[in-house]
Every structure is written in C-alpha cells, then in structure tokens.
Amino acid sequence: MTANRYRLKHRAKLGDHSAQRILHLLSQPDRLIGVILVGNNTVNTLAATVATLIGQEIARRYGISNDTSVGVAAGVLTFILLVFGEVGPKTFAAKHPERVAGIASFILPGLLKVLYPAVWLLTLVTNLLFRLNRIGNDKKDKLTRDELHTILQDVFLPNKHRSMLLGILELDNITVNDIMIPRQEVTGLNMEDDIEDILNLLRTTHHTRLPVFRGELNQTIGILHTRNATRFLGQENVSKADIMQYVRDPYYVPESTPLQAQLLQFQKQKRRLGLVVDEYGDIQGIVTLEDILEEIVGEFTTNVADQHQDITPHADGFYVIDGSLSLRDINRSLHWQLPTDGAKTLSGLILERLETIPDAALGLRLEDYLIEVMQIRDNMIKSARIKRLEVSP
C-alpha cells in the first residue's frame, strides 16, 4: 500500500512484470486487504489456540496453575507476534515497499484464489455495510495542484527544469496585472506627433510591436509590427496614412486574467501583445507573450542584475533601483522576496508602507531590507537604494 504508484506505473510501462502484478493487486484494494486480513487473522487465531493448548499441556505435566501457564504462553506469543509478525516485518516493508511488494505479488494471487470464497463474502458484507461501492474510483491516484507542487520540490530534476515546471503551476496564481508593463513605461506611436518624429521612433525602437494612438494611450487605434515599417521607411514623402494601412486592430485583456488563461488566449487569437484594461475600460499597460514566458523560464539573459539597466549594484552591498521597476522583476533578478501581494512597483511598495508621500529623502526598514529613498518627483519614488540584510538562521 505504501509503494510509489507513479514509479510502479512507469516501470509497468517499461514491461516490468513485477510492477504489473503489484498494480493489478492494488487495482482491487478491497480484495487485497481482504485476503491479507483473512490470512493474518487466521494465523493469529490459530497461534493463540496453539499457545493455549501448549500452556494447558505444560500445566498438566508440571503441575503449574493452568491460568499461570496459559497467561505466560499468551504473553510469550504476543511478544513473538509483535516482533516477528507485526513491528519487525512492517517496519522493514515500510522502508522497502517495492521490494516487499514484489515478493508478495508472487504469493498473494495464489492465496486469493485459495481463500476467494472467504474474501468474496468478507468484501460483499463490508461493501454493503459501509457502502464503499458507492465511492467512485475516478479520483484514485489523482494529484491536486498543491500535491504536485510539493512533489516537484523533492523530485530529482535539474534546478532549471524544476523551476520551469513550478512556474507553469504558478501561472494560475498570477494575473496579467502582476506582470504588465505600466502605461507610463509604454513606448508607442502618437499619430498627433510630426511625421518625422514618428519615423525616427520607428528607426530607433528595439520593440517588435508598438501601440498606435492619438494623444494618449487610452485612444489607441491599433498595433503596428515594426517589421512592416521596413516597407515604407525607405520611401520618400511617407504619410501617416501609409503607416495606418499596416496597423492591426488592438487586442484588449482584462487586468484580472490569470496568466495561464491569457497564454491560451494569445495562442488562440494568434497575438503576442495585449492592452491591459481595468474594470472601467481604461488602459493600464500592456502585456506580451514574452512576459508570460519569462514567468516560466526566467529572464532571457544570463545575469539579469548585471544587464538590467534599472538595477545598479554598489560595492557596499546596496542596489540603486528605479522606483518604477516591478517588484516581480526585482525579486526575479536579485532572488529577493519583496512582498508582491499589494503594490506592484518599488515606488508603490514604499509609498504603501509610508502611507504618505515624503517631501525629502528618508530611510526605512521593510522586513529584511534596508531602503533609502534617493529621488522623489511627480509624487513618485524615482530611485532608491536597497540592501538585503543577512538573516541569521
């Protein structure tokens, strides 16, 4: 019963006959338990009877009190059964379940055939009495998400592979709002700008897709794939109408959408970028397919802390971090555990804990982190120095 059924299933698929026999026995647990208990109790009852007869014979031969001899025999038998019939073998079997199960799988099928009438009657009576037959077997050997999460923590896998599998499981617990690029950081084409400014942005941008809007992001017209810009950038007298003919309709995403659902929607809609909207329909930012994939596989760089332009390490152990950087990016880059259940950015986290907008630089301690506010502008923390304290075990 304590054998690892998933390992047994794997071995059975590889043609291991011992694993196949064990799984066959486990497929009918009522009969398996029945034959074990019938045999076990039969042996124990016979042993008690034999011990009583031996005790009576000793009392008759040596003139000892019958009660005393029977009591001694019962005590000796109990000790022997506990050591050699219960505690000893069951402890060994618990430590080596598959080895013992493999041996037992040769014996129990034969006993099941010999004792089938007794096992059948016992199973029938118990099923009728406790209505066990009404309990469906469709959930047998099924793992919940939390159970699978726990198993993956201990399974023998490379750390990178384990983190990717755990990342997939965590997608349902993370919403689009948690990983989106806030609207203040979104780069896009404002069609009210001069045509030369628009063309210069298309020539210098590192993004593959850009929102196209009029005046502000809430007035988004569509999405332009920058590879299409090569079709008109080399032409003379390019007009805004030439650009608009390559603009695709915008795709909107509710901010509370779980990442797993959004990943499937990106695949279904054949999209790679979505505009994140709140309950009032206002655009809060954008989310890309790359953002979701990074939640699974991590950043697509070898050393994020060194290459991240918004995180600058100092020799004193502090990091100078842009206030608009998301807490999830900071945690992933520096392997920290800044709280992400409230504010989404470093600036938001500091303001949330201060419960006011500071008018000068200040310092604070947030759990295991020392934070020094460096710059404040437009009611936001523009930059801060942070150091993680060494926590003694």
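Residues that are of a type in the set (S, T, N, Q): which helices (runs of 4 or more DSSP H) entirely in region 1-89 hold 2 or more of them?
On the way: elements: 5-13, 17-26, 29-62, 66-80.
In region 1-89, 17-26, 29-62, 66-80 are the helices (runs of 4 or more DSSP H) which contain 2 or more residues that are of a type in the set (S, T, N, Q).
Being over 24 Å from residue 346 (Cα atoms), part of a helix (DSSP H, G or I) and not charged (D, E, K, R) is true for just one of 166, 157. Which residue is that? So that I can check it myself, show each step before the final result.
On the way: 157 fails: part of a helix (DSSP H, G or I).
None of the others qualify; the one that does is 166.
Which of the helices (runs of 4 or more DSSP H) contained wholly in region 240-353 include at least 2 residues that are more than 25 Å from the chain's Cα centre (by Cα)? Lay out the reasoning, then the answer.
On the way: elements: 240-244, 259-269, 289-297, 304-307, 327-334.
Output list reads 240-244, 304-307.
Which one of the conditions (1) more than 30 Å from the chain's Cα centre (by Cα); (2) surrounded by fewer than 19 Cβ atoms within 10 Å (Cβ to Cβ) does residue 371 fail to meet, given that it meets all the rest?
Evaluating residue 371 over (1) more than 30 Å from the chain's Cα centre (by Cα); (2) surrounded by fewer than 19 Cβ atoms within 10 Å (Cβ to Cβ) leaves (2) as the failure.
Quick check: is even one residue across region 66-80 surrounded by 12 or more Cβ atoms within 10 Å (Cβ to Cβ) and among the charged types (D, E, K, R)?
No, region 66-80 has no match at all.
Considering only region 196-218, how many residues are in a loop (DSSP other than H, G, I, E, B) and either touching a residue at least 12 places away in the same chain (Cβ under 8 Å) or not assigned by TED's automatic domain parsing to the domain that holds residue 261 (or both)? Spell out how you get there, then give the answer.
Our first condition is that a residue be in a loop (DSSP other than H, G, I, E, B); within region 196-218, this holds for 205-208, 215.
Keeping just the survivors that are either touching a residue at least 12 places away in the same chain (Cβ under 8 Å) or not assigned by TED's automatic domain parsing to the domain that holds residue 261 (or both) gives 205, 207-208, 215.
Number of matching residues: 4.
Go through region 344-393 and give me each residue that's out of contact with any Ser or Thr (no Cβ under 6 Å at 6 or more places or on another chain) and of a type in the set (Val, Ile, Thr).
Correct list: 350, 356, 357, 371, 373, 376, 386, 391.
Are there any pairs, at least 6 apart or on different chains, whose C-beta atoms fall under 6 Å, with the first in region 169-189 and within 30 Å of residue 143 (Cβ to Cβ) and the second modelled with pLDDT of 90 or more and β-branched (Val, Ile, Thr), and if so, which?
If the second residue must be modelled with pLDDT of 90 or more and β-branched (Val, Ile, Thr), the pairs left are 176/253; 176/257; 176/276; 176/287.
Listed here are the residues, each with its yes/no results for (1) modelled with pLDDT of 85 or more; (2) within 21 Å of residue 18 (Cβ to Cβ).
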residue: 65; (1), (2): no, no
residue: 70; (1), (2): no, no
residue: 82; (1), (2): yes, no
residue: 87; (1), (2): yes, no
residue: 90; (1), (2): yes, yes
residue: 97; (1), (2): yes, yes
residue: 114; (1), (2): yes, no
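How many of the residues in region 163-177 are of a type outside the set (S, T, N, Q) and more than 16 Å from residue 297 (Cα to Cα)? If you could, list the steps in order and put the result at the bottom.
Narrowing region 163-177 to residues of a type outside the set (S, T, N, Q): 164-172, 174, 176.
Still in the list and also more than 16 Å from residue 297 (Cα to Cα): 176.
Total satisfying the criteria: 1.
This table checks each residue for (1) basic (Lys, Arg); (2) under 26 Å from residue 324 (Cα atoms).
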residue	(1), (2)
177	no, yes
198	no, yes
205	no, yes
209	yes, yes
219	no, yes
230	no, no
245	no, no
249	no, no
280	no, yes
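For region 60-96, give me each residue that is more than 56 Å from the chain's Cα centre (by Cα) and either among the hydrophobic types (A, V, I, L, M, F, W, C) or closer than 21 Å to residue 41 by Cβ (or both).
Across region 60-96, the qualifying residues are 64, 70, 72, 73.
Among residues belonging to region 175-195 that are aliphatic (A, V, I, L, M) and part of a loop (DSSP other than H, G, I, E, B), point out the one that is nearest to residue 341 (Cα to Cα).
The first filter runs over region 175-195 and keeps only residues aliphatic (A, V, I, L, M), leaving 176, 179-181, 186, 189, 191, 195.
With the extra rule that they be part of a loop (DSSP other than H, G, I, E, B), the set shrinks to 180, 186, 191.
Details: 180: 15, 186: 23, 191: 37 Å.
Only one residue fits best here, namely 180.
So, in region 182-195, exactly how many residues are among the aliphatic types (A, V, I, L, M) and surrounded by fewer than 17 Cβ atoms within 10 Å (Cβ to Cβ)? Outline the logic, then answer.
At the first step, the residues of region 182-195 found to be among the aliphatic types (A, V, I, L, M) are 186, 189, 191, 195.
Next, only the ones that are surrounded by fewer than 17 Cβ atoms within 10 Å (Cβ to Cβ) stay: 195.
Adding up the residues that qualify gives 1.
Which of the residues spanning region 1-18 are of a type outside the set (D, E, K, R), free of Cβ contacts under 8 Å to residues at least 40 places away in the same chain and crowded, with 16+ Cβ neighbours inside 10 Å?
12 - this is the single residue of region 1-18 that is of a type outside the set (D, E, K, R), free of Cβ contacts under 8 Å to residues at least 40 places away in the same chain and crowded, with 16+ Cβ neighbours inside 10 Å.
Of the residues 274, 234, which is closer than 30 Å to residue 335 by Cα and among the small types (Gly, Ala, Ser)? Give the steps one after another, and end with the answer.
Numbers: 234 fails: closer than 30 Å to residue 335 by Cα.
Just one listed residue meets the conditions, 274.
Return yes or no: is residue 147 surrounded by fewer than 13 Cβ atoms within 10 Å (Cβ to Cβ), part of a helix (DSSP H, G or I) and not assigned by TED's automatic domain parsing to the domain that holds residue 283? Steps first, please.
Working: surrounded by fewer than 13 Cβ atoms within 10 Å (Cβ to Cβ): yes; part of a helix (DSSP H, G or I): yes; not assigned by TED's automatic domain parsing to the domain that holds residue 283: yes.
Answer is yes for this residue.
The values are calculated or read from the model by the stated rules, or taken from the named source; none is laboratory data. As the structure is a computational prediction, the values presented were derived from the model and not from experiment. Counting neighbours? That spans all protein chains shown, and the Cβs are built from the backbone with ideal geometry, glycine included.
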